Amino acid sequence: MLQSWHTQHLVSFTPASVEDVVSAISRLPDKSSVADRLPVSMMTLLVAEKIAPFLAELLNCSTSAGHFQVAFKETFIIPALKKPGLDVTNVQSYCPISNLPVVLKLLARIVAQQLNSYLTSSNLLPSLQSGFQSGHSTETAILRVLSDLLEAVDGGDVATLVLLDLSAAFDIVDYSILCKQLQVPQGLVFGPILFIMYTTKLIALVEKHGFRPHLYADDTQVYGRCTQAAIPDLQQRLSACIDEVHSWMRSNQHQLNVNKSIIIIIIIIQHLYSAIVSYAGCRGA
């Protein structure tokens, strides 16, 4: 467990034992970085009696000081094509893949385990985020949103769904904002878990406008319902909601891709579902 002065504040990490290091290394994939002088396969053979105590001391010094040795922060960036068929001559067709040193991966695994335990026990993980959480998946996200939309139209209401697309969300996280929000040391940043915490305020923002949010990692769905007579009011509230979401994203260094964000309005016509797709609302944000 993580030590804290308050149930909502993360203050320090529990020192890792030699057994923790041995267990973490045994779960590492057999992949090494070019910067690694000792490959994972060799580390696994030597870890129990040779280097585990030294690695445990290194990791504990790093977490207590809030810094990690510069030599272990070096990584090799490999450009990977986002999907087949894209223009291989266009730099926008690629995403950067970091080939991290094995020691950095080891630290991330040990700290992420403690961090996730703290967030879970303190009930700080958002229930409306289906990404990177045990028991959640793309299926649970789809079922939740689809069920709520079908319930709305089955009851005779109009349902609206906004699909927001963030450009390179993980690559543009402002870590100074993130560390201020989470009160964790500057050098300890772990993408999936901390990205969830980075976007928790977005959920409260959407709910403030009377809409329901649901996220899967950086994919954000905003939806609501109303009677047909109340459509003008829903449009005004939705426009205000998207404007505020857009402002929040800009203030937190996120980039909303308006060209890929869409609004879907679902109504019933003679007991048939009809979907009307409009881009105007998001383009106006």
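The values are calculated or read from the model by the stated rules, or taken from the named source; none is laboratory data. Since this is a predicted model, take the numbers as computed values, not measurements. Neighbour counts are summed over all protein chains in view; Cβ atoms, including those assigned to glycine, are modelled from backbone coordinates with ideal geometry. SASA here: full protein model, heavy atoms, side chains in, ligands and nucleic acids out. Shrake-Rupley method; radii C 1.70, N 1.55, O 1.52, S 1.80 Å.
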Take the conditions farther than 26 Å from residue 136 by Cα and of a type outside the set (Asp, Glu) and apply them to residue 225. Does it pass? no
Across (1) more than 22 Å from residue 197 (Cβ to Cβ); (2) of a type in the set (A, V, I, L, M, F, W, C); (3) in a loop (DSSP other than H, G, I, E, B), residue 43 clears everything bar (3)
Which condition from (1) at pLDDT below 85; (2) assigned to a loop (DSSP other than H, G, I, E, B) is the one that residue 156 breaks? (1)
Hits in region 90-110 (condition: outside any helix (DSSP H, G or I), surrounded by 14 or more Cβ atoms within 10 Å (Cβ to Cβ) and without any contact (Cβ under 8 Å) to a residue 40 or more places away in the chain): 94
Tally of residues being open to solvent by 80 Å² or more (accessible area, probe 1.4 Å), closer than 13 Å to residue 223 by Cα and under 18 Å from the mean Cα position of the chain (by Cα) across region 120-152: 1
Residue list for region 248-266, filter: open to solvent by less than 20 Å² (accessible area, probe 1.4 Å) and among the small types (Gly, Ala, Ser): 261
State all residues of region 199-247 that are part of a helix (DSSP H, G or I), under 22 Å from residue 133 (Cβ atoms), open to solvent by 10 Å² or more (accessible area, probe 1.4 Å) and out of contact with any Cys (no Cβ under 9 Å at 6 or more places or on another chain); if no residue qualifies, say none. 200, 201, 203, 204, 207
